[in-house]
Structure formats: C-alpha cells, structure tokens
1. Please report, largest first and rounded to whole Å, the three semi-axes of the ellipsoid equivalent to region 141-187, where each semi-axis is the square root of five times an eigenvalue of the C-alpha gyration tensor.
2. Taking all protein chains as present, what is the carbon and sulfur share of the accessible area of the chain, in % to the nearest whole number, probe 1.4 Å?
3. Using the Cα centre of the chain as the reference point, and only Cβ charges (+1 on K/R, -1 on D/E), how large is the resulting charge dipole? Debye, rounded to the nearest 20.
4. Compute, for Lys329, the solvent-accessible surface of its heavy atoms (probe 1.4 Å) with the complete set of protein chains present, and express it in square angstrom to the nearest 10.
5. Holding the Cα-Cα limit at 28 Å, pick out from Lys34/Lys112; Lys278/Lys314; Lys46/Lys314; Lys34/Lys58 the pairs that are longer than that.
6. Can you give the net charge of the other residues whose Cβ lies under 11 Å from the Cβ of Asp272, counting K and R as +1 and D and E as -1?
7. Please enumerate, by chain and number, the aspartates and glutamates with C-alpha under 17 Å from the C-alpha of Lys88, excluding those fewer than 8 residues away in the same chain.
8. Take the alpha carbon gyration tensor of region 77-125, find the square roots of its eigenvalues, order them as a ≥ b ≥ c, and report rounded if a/c is under 1.5; if not, report prolate when a/b exceeds b/c, else oblate.
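The values are calculated or read from the model by the stated rules, or taken from the named source; none is laboratory data. Just so it is clear, the structure is predicted and the values come from calculations on it, not from any experiment. Cβ: placed from backbone, ideal geometry, glycine included. Neighbour counts: every protein chain shown. Keep in mind that these areas ignore ligands, DNA and RNA; they rest on the heavy atoms of the full protein, side chains included. Shrake-Rupley method; radii C 1.70, N 1.55, O 1.52, S 1.80 Å.
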Amino acid sequence: MATIRDVGKLAGVSVATVSRVINNRGYVNEQTRKAVLQAMETLNYKPNYIARSLAGKKTLTIAFLVSDILNPFFPQMARSIEDEASKKGYSIVLCNSDNDAQKEREYLNLLKSKRFDGVIIASYTIQAEQILELQNDGLPVVVLDRIFPDYPILSLICRNRQGAEEAINHLVEQGCQNIAHISGPLDIYAARERALGFERVSRQYNRFAPSLISSGDFHIQGGYEAFLDLHAKHPDVDGVFAGNDLMAIGVMKALHELNKKIGYDVKIIGFDDIILSKMIIPELSTIRQPISAMSQLAVELLMKQINSEQVEIKTYHFEVELVVRASSKPI
C-alpha cells in the first residue's frame with residue numbers, strides 16, 4: 001500500500017510538497033503539481049482523510065444533504081455550492097434523502113463519523129433536534145431554504161411570502177380576474193409562506209376563496225393533476241401562481257390539453273427560476289431565488305465555523321426578484 005513518502009520519491013519531491021498538492025495549500029509550480037498527481041495515480045495513492053480527521057486535521061470535504069435531487073432547484077444549488085467550495089480547496093459529497101426519513105437518518109449517522117468538516121443541509125424533513133445533535137457533536141452546520149426560529153441554528157432563506165405577493169400583484173396588473181394557486185405541501189415552510197402570500201393579496205382584491213388553492217407536490221405531475229382538479233371547480237380561472245417552476249410546467253401541460261392559450265387565456269407564474277423556466281415554450285414567468293448568492297454565503301459561513309471563527313447564529317433573509325416572460329404576457 002503506497003504511502004505519501006512513496007509518492008514523493010516517485011515524483012522526485014519532498015513529502016511537504018506532496019502534502020501541499022494534496023491539501024491545495026501553499027505554492028507549487030504547475031509542473032511539480034502534475035508530477036505529484038501523476039505519481040499518485042501511478043501508485044493508486046489515496047489520502048487517508050478519515051485518519052487525518054481522527055488526528056484532528058481537516059478532511060477538506062463537506063457534505064450537502066438534500067431532500068429531492070429530482071427537483072432542478074437542488075442540483076443548481078449543489079453546483080453553486082461546489083463551485084464556491086472548490087475555490088477554497090474543498091470537495092463536496094452529495095447526500096440525497098429522497099424525502100425518506102430512514103435514509104436521512106443513515107446519512108446523519110454518516111455525518112457523525114468525522115469524515116466531513118461540515119455540512120450544508122437543504123432538507124424538508126430534517127428536524128431541529130437532529131441538527132442540534134450534529135452541532136453538539138462538533139460538526140459545523142448551515143441550513144438552506146428552511147428556518148428554525150426557536151433554535152440556535154444558522155439558516156438562509158429567501159423571502160417566500162414577499163415573492164408570492166409580487167406574483168399575485170403582477171397577475172392582477174396583467175388583467176387577471178380569477179387567480180388560483182397550486183401550492184407545494186403545506187407542511188413545508190416555504191410552501192406555506194407562499195400560500196399565505198397568495199391568500200393575503202387575494203383578500204386585498206376581494207378575490208380569495210379556499211377552493212382556489214390546490215395542493216401539489218413540487219413536481220410536474222403534481223402541478224398537472226392539481227390544476228386539472230382545480231379547473232373542474234373553477235373553469236373561469238385566468239391566472240395561476242404555482243408554488244414552484246416544476247408545478248407551473250405541469251399546469252402548462254394541463255392547459256395545453258384543455259386547448260387554453262398560455263399567456264392569453266390563462267397567465268402563469270412560478271417560483272425559483274430554474275434553468276427549465278427559460279427552455280420551455282412559452283418561457284415561464286417566475287419569482288427568482290438568488291441561488292448563487294445564497295450558496296456563496298452558505299459556504300462562507302460554513303468555512304468560518306470550520307476555521308473556528310466567530311459567526312452569528314441567526315436567519316439570513318434574501319430578497320427575491322420578479323422575472324416576467326411570455327407565460328404572463330403583458331396585455
């Protein structure tokens with residue numbers, strides 16, 4: 001089994017130089033770096049990060065725990081986190097729980113194994129007590145897209161309710177008289193906040209009725225089925241605010257089957273601004289979350305904790321942005 005000394009000998013450099021290459025710390029010229037990497041590959045040498053962790057050293061690896069990798073919102077966030085972490089010499093391990101509590105518990109046990117320097121969590125199912133347990137074990141944690149106001153947990157989230165209110169005001173400005181909402185699961189904080197924003201503004205215009213809210217599951221099929229159910233009760237709906245872009249795409253599919261012209265007969269707006277929202281026809285109006293900015297701050301705050309720097313444990317709120325495209329075509 002090759003050692004770091006074997007790598008140095010084959011590459012013709014010191015152990016210290018090999019260490020600098022492995023840890024991406026300190027200056028090493030490009031020719032030497034390539035020689036070390038080639039020697040590691042030839043010898044099939046892999047740094048023992050677990051041993052380094054047990055010895056009190058950093059593993060230069062952080063985990064990103066997500067609840068649903070099929071939702072493009074999370075891969076976009078993972079890419080932003082990976083880009084930012086890479087700049088700091090860190091690698092990312094993606095842990096996808098599929099909204100499965102048992103699978104999530106298994107990942108949490110893995111996180112306690114000291115194989116990671118920290119974790120960023122974007123999960124709808126994780127409980128505050130589970131996060132506190134990780135923190136008590138000494139693992140730095142940052143939570144994305146969810147808050148725990150009654151607990152000392154560092155969280156980052158966008159202004160979901162404000163975004164929903166902007167969406168409804170936009171549809172009203174475009175002439176919509178009967179606006180419906182396809183919500184995400186209401187036990188999820190972000191979905192509940194968006195539904196509350198819809199309700200508040202709809203009441204201001206005296207246009208609210210509980211039956212104008214139909215619950216989806218944050219996926220295309222859920223949005224499709226929720227809208228068909230809603231349309232059966234309210235065939236006069238001319239505006240739809242979907243709780244995320246995937247459900248909005250499902251609504252568009254249903255409208256196509258109903259021979260409704262999107263942007264004219266019915267105007268649609270989603271939430272998130274995933275890449276797909278610009279790839280479909282017509283392009284989808286949406287409320288943009290600042291995914292890159294949130295990811296950048298998440299990594300920055302996690303790194304500060306890893307490096308034992310002082311960090312204020314609070315909830316960081318991010319502004320959202322209305323993005324108007326053809327699905328809510330102006331009159």
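1. So the equivalent ellipsoid measures 31, 12, 7 Å along its semi-axes.
2. 49
3. 1220
4. 80
5. Values: Lys34/Lys112 34 Å; Lys278/Lys314 34 Å; Lys46/Lys314 38 Å; Lys34/Lys58 23 Å.
Check vs 28 Å cut-off fails for Lys34/Lys112; Lys278/Lys314; Lys46/Lys314.
6. Net local charge, Asp272 excluded: -1.
7. Within the straight-line cut-off, Lys88 pairs with Asp117, Glu300, Glu309.
8. Working: a/c = 3.17, a/b = 1.53, b/c = 2.08.
Here region 77-125 falls in the oblate category.
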